[in-house]
1. Which is assigned to a loop (DSSP other than H, G, I, E, B) and in the same structural domain as residue 252 (by TED's automatic domain parsing), of 224, 136, 195?
2. Would you please name the residue that is farthest from the chain's Cα centre (by Cα), looking only at residues in the range 355-406 that are more than 21 Å from residue 158 (Cα to Cα) and among the polar types (S, T, N, Q)?
3. List every residue pair whose Cβ atoms lie under 8 Å apart, where the two residues are 6 or more positions apart in sequence or sit on different chains, the first residue falls within the range 120-134 and is farther than 13 Å from residue 150 by Cα, and the second residue, located anywhere, is of a type in the set (D, E, K, R).
4. Sort out which residues of the range 146-184 are small (Gly, Ala, Ser) and over 30 Å from residue 347 (Cβ atoms), and write them in order of number.
5. Would you confirm, using the coordinates I've provided, whether residue 415 is in contact with a Leu (Cβ under 8 Å, 6 or more places away or on another chain), surrounded by 18 or more Cβ atoms within 10 Å (Cβ to Cβ) and touching a residue at least 60 places away in the same chain (Cβ under 8 Å)?
6. Among the residues of the range 411-427, are any modelled with pLDDT under 90 and out of contact with any strand residue (DSSP E or B) (no Cβ under 8 Å at 6 or more places or on another chain)?
7. Filter the range 207-253 for residues that are loosely packed, with under 13 Cβ neighbours inside 10 Å and under 28 Å from residue 165 (Cα atoms) and give the result.
8. Restricting to the range 161-188, and then to whatever is closer than 30 Å to residue 147 by Cα and among the small types (Gly, Ala, Ser), can you tell me which residue is surrounded by the most Cβ atoms within 10 Å (Cβ to Cβ)?
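The values are calculated or read from the model by the stated rules, or taken from the named source; none is laboratory data. The shown structure was predicted, so the numbers you read here are calculated from the model rather than taken from an experiment. Note that each Cβ is placed from the backbone with ideal geometry, even for glycine, and that neighbours are counted across all protein chains shown.
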Amino acid sequence: MISKLGQNLQKIELLGLFILWFTGCLPGFSGPFHCKSNKDCQFRAGLVCGPGHVCTRLSMVDAKQADTLIGTEVDTKADTGTDTVTDTDSATETVDARHEINTPDNDTNTNTDASCTPKTCAYLGMKCGTAEDGCGKTLNCGSCATGQFCFEGKCHPKTFIVPPTNQTQCYDDSGPIECPDTAGSATCKTHAFCGQDAQYPDNLRTFTVENHSSQDVVMDSLTGIMWERIFVQDKKWQDAVSYCANLNYAGYGDWKLPSVHDLAGIVDYGRSKPAVDTSAFPGTPSGYFWASGGNKDGWYVSFVNGESSYTDLTASVRCMRSKSFPTGGDRFITREYEPGEDIVMDMATGLMWQDGYTIGKDWQHALAYCESLNYGGFSDWRLPNINELRSLVNYDKTKPATDFPKTIPVASHFWSSTTVSAKPGSAWTVAFFYGEITTNVDKGTTAYTMCVRMGP
């Protein structure tokens, strides 16, 4: 008799465990319980009639579904693991405290993991850019002010803003053409000569003429440089250095001979003879103007077309005030964005450079190569314009004349996307032996190619 009673109790216990498993209420187990409404799921607080007409825990229902499913039909009797929540209508609902719903923030993604605590921009130390919150959502941590760029969640000032080239005309390898396709598009790489300088926007810059102490100066809105509006001619390089150092003009006595970067920065590559804004700098001759460069005496910039090199002849002089070009190894930061794919961040300009180069491409195929490049998780690479490429030069160094961390071959030229407007069969290049900017490389010949993108 006792034996039969024990057997019956054991059967009842097994039946109870089966019911718990089937309804999903046995810890560590889950089982389907079909329903037509929330009433069918009232055997357990925290369950609602979910998708597929199956009793489902609140934590398994997204916020929008929960708003629809939670109503007066849900059991309002709290068990020992419940909290009371009051909504905006002052109606009281009882929800299992272990299955609270995360209310989505102003974000298109919904966090359905009730046990996850999302991180904030402040917690991550992010002042700008985007980041993952650890719970499946993307945080927007803001943007930087004009003249700054965002890198690794921090805003950094651009200590060198790349000047515009002002090239608005497209060219093939012999003359002007209508600009092909749209630069940066998926189809650009399939169109010959797509991706050149004129197809990408320039930084905006204006020259303003001001009168100081009855003498005119020219203010550069982009760089902040003040230029002497007049010039003198026929001086040797050392005499030009002394002339600017001793100049007292427009009420200022701190003039100096401009660096190659500063003087080349006012070249207008969309015109020639002279290659400069003649409204701001009237009477500028189509010839050499002296510049300073620490790796050699006698640097000049030619306003015939914008070429820069060195000579021992005589040239003209136009002095400037302020500005110092950033140099130093800490200017460049290398990061591995994808396995085996490093990118170099230029902390002076905000540009990102491919950590490597390719050889043996003519100008047309150099353009196509950069437009089609998918590297480091980015696909918006392009061939740099002449001012961007020149920004890598450090005129205090030689062989190579750069602080760029990747080894740069000094015996060849690197392509830019800028055409020599007075000589359309050639494109501007930079030679990193001393940092010369040259016009004598025909577009049909081969040179080195290194791609750039706006960072980050």
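1. Within the list 224, 136, 195, the selection yields 224.
2. Among those residues, the one meeting the criterion is 398.
3. 120/133; 121/127; 133/119; 134/119
4. First, pick out the residues of the range 146-184 that are small (Gly, Ala, Ser): 147, 153, 174-175, 183-184.
Those that are small (Gly, Ala, Ser) and over 30 Å from residue 347 (Cβ atoms): 174, 175.
5. The answer is no for residue 415.
6. yes
7. Within the range 207-253, 208, 210, 211, 221, 224, 233, 234 qualify.
8. Applying the filter and picking the extreme gives 183.
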